[in-house]
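One structure is given here, and the rest of the page talks about it.
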Amino acid sequence: TVSKSIQEMVTLVSPKHDYVDAPVSGGVKGATNATLSFMAGTSSSETFALVQPLLQKMGKGIIPCGGPGSGSAVKLCNNAALAAQMMGICEAMNLGDALGVDPVILAKVMNVSTAKCWSSEVNNPHPDAAKEIGSGASAHKYEGGFGTALMLKDLNLAVDCGEEQGLVLPISGMTRDWYRLADKHGYGKKEFGVM
């Protein structure tokens with residue numbers, strides 16, 4: 001993921017060229033199964049129509065997001081929300097451990113209740129819950145998946161973009177600080193649920 005301002009600058013420098021930014025969501029599993037979601041920002045609807053068949057070979061969700069840079073903007077927003085979501089699930093699972101709650105039971109309850117989300121249902125950060133669910137890097141010592149350092153990069157970009165727009169993003173800023181600490185303590189290459 002790169003910042004929207006960089007993408008916009010590229011289109012200003014070369015306005016005669018068609019432009020596509022199409023970041024993905026879905027991870028290694030999505031790439032392997034050709035179920036990735038693409039967030040496509042294109043210079044025109046004609047350009048989108050040209051690249052859509054190619055993207056459909058690699059994914060199932062091809063979403064036109066607007067003009068150049070909009071795909072990256074959507075990806076930054078998605079990852080800012082995902083990082084905060086993961087931090088909340090990590091905190092809840094840690095609290096459950098401290099209170100003596102079986103993590104498998106806690107995950108089952110969360111996944112049929114109001115806490116249900118991707119970070120709990122698909123990529124639960126607790127190793128026992130992930131093993132029971134049958135997915136999640138925590139079941140494999142946080143190896144594979146989207147790395148903590150990559151999430152930190154995206155959070156830095158999101159917070160910077162927010163500042164460029166005159167916004168204060170306190171949740172993203174605080175989440176970024178936690179990921180920065182994890183990275184500094186040697187967890188940068190671990191999957192971002194290691195928190």
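The values are calculated or read from the model by the stated rules, or taken from the named source; none is laboratory data. Everything quoted here is computed from the prediction, not taken from an experiment. FYI the Cβ positions are ideal-geometry reconstructions off the backbone, even for glycines, and counts take in every protein chain you see. To get the accessible areas, we keep the full protein, side chains included, count just its heavy atoms, and leave off ligands, DNA and RNA. Shrake-Rupley method; radii C 1.70, N 1.55, O 1.52, S 1.80 Å.
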1.4 Å probe accessible area per residue over segment 80-195, in Å²
54 Å²
Please report the antiparallel percentage of the DSSP beta bridges confined to the chain, to the nearest 5.
45 percent
For a test of the definition: using alpha carbon positions, the gyration tensor, and the 1.5 limit on a/c, classify the chain as rounded, prolate or oblate.
prolate
I'd like the Karplus ³J(HN,Hα) series for segment 162-170: coefficients 6.51, -1.76, 1.60, θ = phi - 60°, whole numbers in Hz, and an x wherever there's a Gly or Pro.
x, 5, 4, 8, x, 9, 10, 10, x
Whenever you get a sec, compute what percent of the accessible area on the chain sits on carbon and sulfur atoms (1.4 Å probe).
61 percent
Mind pulling the angle between the C-alpha long axis of helix 45-56 and the longest principal axis of the chain? Nearest 10 degrees, somewhere in 0 to 90.
40 degrees
Quick check for me: using +1 on Lys/Arg Cβ and -1 on Asp/Glu Cβ, what's the dipole size of the chain about its Cα centre, in debye to the nearest 20?
360 debye
So what's the back-of-envelope 222 nm ellipticity for the chain, counting only DSSP H runs of four-plus at -39500 (n - 2.57) apiece and dividing by all residues, rounded to 500?
-17000 deg cm²/dmol
Could you give the length gained by full extension between Thr114 and Val101, i.e. 0.36 nm per residue of separation minus their alpha carbon distance, to one decimal place?
2.9 nm
Direction-averaged shadow area of the convex hull around the Cα atoms of segment 81-195, nm²?
7.1 nm²
